[in-house]
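*Asks:* The following block contains the structure, expressed as structure tokens.
The values are calculated or read from the model by the stated rules, or taken from the named source; none is laboratory data. These numbers were taken from a predicted model, which means no experiment stands behind them. Positions of Cβ are backbone-derived with ideal geometry, glycine not excepted, and every protein chain shown enters the neighbour counts. For the accessible areas, the whole protein counts, side chains as well, though only heavy atoms, and no ligand, DNA or RNA atoms are used. Shrake-Rupley method; radii C 1.70, N 1.55, O 1.52, S 1.80 Å.
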Amino acid sequence: MTWSVLHIIGIIAYAISGAFVALQANYSFIGIFVLGLTTSYGGSIIRNVVLDIPVSDIWERQSLLVVLVTLTTILFVKRNWIHHWNRWGYFFDSIGLASFAIQGGLLAKSLHHDLGIIIIASMFTGVGGGMVRDLLAGRTPLALREEIHAVLTFVCALCIWLG
């Protein structure tokens with residue numbers, strides 16, 4: 001139960017993150033949905049490709065519905081609220097990063113992979129969606145500018161490996 005709640009919180013946080021980046025870039029509602037979905041699921045897609053797991057395993061009706069409802073709600077946010085992204089952007093990115101880094105590491109450990117693969121799965125799941133989001137928005141990915149994201153995913157993976 002607790003993990004499901006954390007997973008949903010992470011998906012919502014990354015959907016909000018992607019949507020606000022799209023709003024900053026003055027994208028249309030299609031852009032909001034594309035960046036929101038990409039941020040929410042991009043890291044999991046990359047992780048599944050690396051771990052040779054079917055990508056279709058990430059699509060759950062409940063999480064897709066939550067993301068779509070979140071993104072639809074954001075469509076009604078006044079455009080002048082975008083300046084708050086500078087204050088809240090790191091907050092939502094941090095929640096998504098932690099949630100997804102843990103998820104990726106736990107999945108790799110459940111498949112009996114060694115520490116290196118657990119680190120890679122944790123890193124790709126944690127920062128992959130945000131990196132794809134930033135590239136689609138024409139920005140340098142945050143994870144490539146600041147090492148803290150990679151360090152945090154490494155710490156998550158190490159803690160998972162240690163049990």
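*Asks:* With just the Cα atoms of the chain, tell me how far they stretch along each of the three principal axes, in Å, largest first.
*Replies:* 47, 34, 26
*Asks:* How much accessible area per residue does the chain have, counting only protein heavy atoms and a probe of 1.4 Å, in square angstrom?
*Replies:* For the chain, the solvent-accessible area averages 53 Å² per residue.
*Asks:* Here's another thing I want to ask about it. Using a Gaussian network model of the chain whose springs link C-alpha atoms within less than 10 Å, name the residue from Ile118, Ile46, Ile58 with the highest mean-square fluctuation.
*Replies:* Ranking Ile118, Ile46, Ile58 by mean-square fluctuation puts Ile58 first.
*Asks:* Additional query: What size of dipole, in debye to the nearest 20, comes out for the chain about its Cα centre when the only charges are +1 on Lys and Arg C-beta atoms and -1 on Asp and Glu C-beta atoms?
*Replies:* On the way: 9 positive and 8 negative charges, 102 e Å.
That gives a dipole near 480 debye.
*Asks:* Tell me the mean residue ellipticity at 222 nm calculated for the chain from its helices only (DSSP H runs of n ≥ 4, each -39500 (n - 2.57), averaged over every residue, nearest 500).
*Replies:* The helix-only estimate for the chain comes to -26500 deg cm²/dmol at 222 nm.
*Asks:* Mean separation of Cα pairs under 8 Å and 6+ residues apart, divided by the residue count of the chain: what relative contact order is that in percent?
*Replies:* Rounded, it is 29 percent for the chain.
*Asks:* Another question, if that's okay. If r is the Cβ-Cβ distance from Val151 to Trp59 and R0 is 25 Å, what FRET efficiency results, to the nearest 0.05?
*Replies:* My answer for the efficiency is 0.25.
*Asks:* Arrange the peptides 134-141, 38-45, 156-163 so that the one whose residues have, on average, the most other Cβ atoms within 10 Å appears first.
*Replies:* 38-45, 156-163, 134-141
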